[in-house]
Amino acid sequence: MMATSAVDMTRQQRWRLSTFLDANFQYWALAPILIFLAVLTLYPVGQLLRMSVSDLAFVKGKLEWTYVGLDHFQTLRNDPVVPDALKNTLLFVVVVVCVEAVLGLLLAILVSRARRFAWFYRSVYMIPLLIPPIAIGTIWRLMYDYNYGIINQILFELGLTGPLWTANPDLALVSVMIVDVWHWTSFLFLIMLAGVESLPYELSEAARVDGANEVQVYRHIFFPLLRPTIIVALMLRTILAFKVFDQIFLLTGGGPGTSSEVISLYIYKVYFVQTRLGYGALLALLTAVIMSVFVVFYQWLNNYVNRQR
Amino acid sequence: MKKPGTWLLHGVLMLFALIILAPVVYTFLTSLKLFRDIISGSWAFDPTWRNYEQLFMSNRNSFVDLTRNSLVVGGLTLAVVIAVAALGAYSLSRFKWRRAISGLVMAWLLFVNMLPPIIFVGPFYLIARTLDIYDTPLAIVMAHSILNLPLAFWMLHSFFADVPVELEEAAAIDGCSRLQTFLRIVLPIARPGIAATAVLVFVFSWKEFLFALTLSSTPAAMTIPVGIAGFAQEYNIRYGEMAAAAFFATIPALILVFIAQKHIVKGMTLGALKG
């Protein structure tokens with residue numbers, strides 16, 4: 001008797017629970033992603049705040065916090081590397097984004113006009129985006145090698161003496177820029193291609209009938225139509241270019257001196273080479289604030305452009 | 001189309017294709033050379049698999065361990081990311097949400113995708129040390145999961161949006177609960193899209209370096225990129241093995257480009273322009 005009623009109870013409860021779960025499916029389905037975001041982004045940002053006003057040390061494997069207030073700001077003001085790293089990062093971003101945008105747009109226009117082999121070009125141009133950046137760095141390190149690399153070998157056959165590339169303070173940053181252009185032009189190519197392929201060709205046909213030549217069609221019809229795509233793509237790539245780390249880590253390590261030091265690499269060094277977790281956190285926090293402004297601006301720009309369309 | 005113009009067009013496009021392929025081919029050729037052939041500077045050489053044997057068979061390198069770690073990290077990451085992103089994406093794409101909530105989730109993911117990952121390195125290092133998972137694949141899976149969540153979410157969101165609502169309504173009339181509808185109707189229909197997302201997440205995890213570097217210290221957890229970077233820091237550069245390792249790490253990219261081109265374009269550009 002008792003047993004039966006217990007079974008009934010659980011059955012009833014289970015039924016109720018399942019109806020409850022089913023009615024609220026949309027809420028608990030969204031819960032995991034919210035929990036992930038909270039635990040792995042909000043909590044870390046909180047930690048970053050706390051770290052940036054502390055000194056941290058592992059004592060016998062246990063983490064010890066010491067509150068130091070705004071000491072790390074003082075360190076920041078006297079740190080000669082930060083201005084160098086900022087300058088290099090900005091220079092790097094501006095140069096690579098401009099070069100990649102021009103090449104990406106050019107390739108997109110050309111591929112959209114190629115009737116045959118378009119799939120082949122598309123596939124090949126996509127490859128650099130999928131190769132591990134560390135492998136890309138290694139590939140270029142082999143090619144840049146002063147003694148045995150293919151670049152200097154070709155220069156030698158042409159009767160020239162190749163430079164030191166990554167070990168030369170004047171060329172180190174240029175060397176990593178070349179690698180970045182090789183790596184990321186594809187990204188802008190893909191975005192631009194999507195834009196180019198959605199252009200209304202009837203319009204250009206009409207213009208041609210009216211006597212416009214190819215250059216005029218691009219200048220007066222296509223570029224105005226592509227402008228929103230280009231602006232959004234540029235902004236997006238600019239933000240992503242600030243992430244640069246892997247290839248510089250591998251090719252130059254930020255050197256010689258600070259000639260190719262960038263902000264991500266410097267923060268890594270402060271954390272793990274100089275083991276100053278607190279100061280590194282302050283630098284990371286400032287980076288987060290600056291980049292957040294960029295992201296908000298990008299979001300606004302993207303919405304604005306989408307509304308205009 | 002006029003003939004000369006077409007030739008010029010393909011000439012330029014081929015030149016760019018060559019610029020992209022040449023370094024990869026050069027690395028592959030270098031990986032087949034003995035050291036004496038690398039330093040001799042001549043173009044002719046006897047190909048050999050010695051460098052690959054060194055990578056996987058000798059005690060000097062631990063590439064068997066590193067490959068295992070990369071596979072484990074990539075596999076676990078894609079399982080976690082797909083499960084979490086699929087539920088969330090389905091909920092947001094099919095049910096009514098207040099704009100504030102859906103907008104918040106979308107914007108949040110955008111931030112995760114766009115902010116430089118170096119921001120999270122310090123806190124993740126502390127979390128890993130505190131939870132005692134530092135130098136285990138689990139720590140790297142944690143980092144890769146959050147990094148890949150936005151991409152997976154956006155891709156799956158667009159795939160679920162393509163599933164016809166009528167099918168789900170029919171399933172509901174037939175007595176399916178919402179979870180059953182999701183598992184038995186929506187997921188199977190979206191399977192190609194989910195597979196593409198999973199492959200892309202795996203490749204991104206396979207590629208990732210910064211977190212793999214900072215959350216591991218021994219071959220127990222180190223992934224392939226960390227191992228490759230190790231070569232670069234040695235005093236005597238082992239060119240052949242470096243080339244072999246770099247080419248080995250590139251193989252998934254080469255396979256993927258030819259099997260899932262369309263989906264990669266989607267994954268790459270979706271986050272870009274929808275936001």
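Computed from the coordinates by the stated procedures, all read-outs in this text should not be read as laboratory data. Because the structure is predicted, anything quoted here is derived from the model rather than measured. Don't worry about glycine lacking a Cβ; one is built from the backbone with ideal geometry, like all the others, and counts go over all protein chains shown.
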Query raised in the report: Alpha carbon centre of the stretch A:253-309 versus the stretch B:20-34: separation in Å?
Result: 34 Å
Query - Top of A:293, A:111, A:270 by mean-square fluctuation, Gaussian network on chain A, Cα under 10 Å - result: A:293
**Report entry** Residue among B:11, B:103, B:74 with the largest mean-square fluctuation in a Gaussian network model of chain B, springs linking Cα atoms under 10 Å
**Finding:** B:11
**Report entry** Debye, to nearest 20: dipole size of the protein assembly as shown, +1 on Lys, Arg Cβ, -1 on Asp, Glu Cβ
**Finding:** 1000 debye
Query - Listed residue (B:213, B:233, B:248) projecting farthest to the positive dipole end of the stretch B:155-254, Cβ model - result: B:233
Requested in this report: Calculate the spin-label point distance for residue B:265 paired with residue B:166, positioning each point 7 Å from the Cα along the beta-carbon direction, and give it in nanometres.
Outcome: 2.9 nm
Query - Span from the the stretch B:42-74 Cα centroid across to the the stretch B:111-145 one, whole angstrom - result: 28 Å
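Quantify how strongly other chains surround peptide B:82-92 by giving the mean number of their Cβ atoms within 10 Å of each of its Cβ atoms.
Numbers: counts 0, 2, 8, 3, 3, 8, 8, 3, 4, 9, 4.
Taking the mean over all residues of the peptide, I get 5.
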Query raised in the report: Treating the beta-carbon of each Lys and Arg as +1 and of each Asp and Glu as -1, no other charges, what is the dipole magnitude of chain A about its Cα centre, to the nearest 20 debye?
Result: 740 debye
Query - Residue among B:216, B:177, B:93 with the largest mean-square fluctuation in a Gaussian network model of chain B, springs linking Cα atoms under 10 Å - result: B:177
Requested in this report: Compare the peptides A:183-192, A:202-211 by average per-residue count of other Cβ atoms within 10 angstrom and give them in order, highest first.
Outcome: A:183-192, A:202-211
Query - Selection from B:111, B:40, B:199, by position along the positive dipole direction of chain B (Cβ) - result: B:111
Requested in this report: Compute the distance in nm between two label points, each set 7 Å from the Cα along the Cα-to-Cβ direction, one at residue A:215 and one at residue B:60.
Outcome: 5.8 nm
Query raised in the report: Peptide A:61-67: average number of partner chain Cβ atoms within 10 Å per residue?
Result: 1
Report summary line: Loop-resident chymotrypsin sites (Phe, Trp or Tyr not before Pro) in the stretch B:19-85 with no more than 14 other Cβ atoms inside 10 Å, DSSP not H/G/I/E/B, are B:43, B:49
Query raised in the report: So which trypsin sites (Lys or Arg not before Pro) in the stretch B:60-141 end up in coil per DSSP with only 11 or fewer other C-beta atoms within 10 Å?
Result: B:60, B:96, B:98
Requested in this report: Would you calculate, for chain A, the mean residue ellipticity at 222 nm contributed by helices, counting each DSSP H stretch of 4 or more residues as -39,500 (n - 2.57) and dividing by all residues, to the nearest 500?
Outcome: -23500 deg cm²/dmol
Query raised in the report: On average, how many beta carbons from a partner chain sit within 10 Å of the beta carbon of a residue in A:260-267?
Result: 2
Query raised in the report: Between the stretch A:54-125 and the stretch A:170-240, what's the alpha-carbon centroid distance in Å?
Result: 22 Å
Query - Neighbour-limited loop hits for chymotrypsin sites (Phe, Trp or Tyr not before Pro), the stretch B:223-262 (at most 10 other Cβ within 10 Å; DSSP other than H, G, I, E, B) - result: B:235
Requested in this report: Mind putting a number on the dipole of the stretch B:62-273 about its Cα centre? Charges go on the C-beta only, +1 for Lys and Arg and -1 for Asp and Glu, and I need it in Debye to the nearest 20.
Outcome: 440 debye
Report summary line: So, with points 7 Å from each Cα along the Cβ direction, the residue B:35-residue A:39 label distance in nm works out to 4.8 nm
Report task. Under 14 Å from the Cβ of residue A:183, count the other residues' Cβ atoms, weight Lys and Arg +1, Asp and Glu -1, and hand me the total. Result -> +1
Query raised in the report: If you plug each phi of the stretch A:163-170 into the Karplus form 6.51 cos²θ - 1.76 cosθ + 1.60 with θ = phi - 60°, what whole-Hz ³J(HN,Hα) values come out, in order, with x for Gly and Pro?
Result: x, 7, 6, 5, 9, 9, x, 7
Requested in this report: Determine, from the Cβ-Cβ distance of residue B:53 and residue B:132 and an R0 of 25 Å, the FRET efficiency 1/(1 + (r/R0)^6), rounded to the nearest 0.05.
Outcome: 0.10
Query raised in the report: Does the stretch B:1-130 come out rounded, prolate or oblate, given a ≥ b ≥ c as the square roots of the eigenvalues of its C-alpha gyration tensor, rounded meaning a/c under 1.5 and, failing that, prolate meaning a/b above b/c?
Result: oblate
Requested in this report: Give the cross-link partners of residue B:266 among the aspartates and glutamates, using a straight C-alpha distance below 19 Å as the criterion and excluding same-chain residues fewer than 8 apart.
Outcome: A:197, B:162
**Report entry** DSSP H segments from chain B that extend 27 Å or more along their own axis, Cα-based, with Kyte-Doolittle mean of 1.0 or above
**Finding:** B:3-31, B:63-94, B:137-161, B:239-259
**Report entry** Rg/Rg_globular for chain B, with Rg_globular taken as 2.2 N^0.38 Å and Rg from C-alpha atoms
**Finding:** 1.23
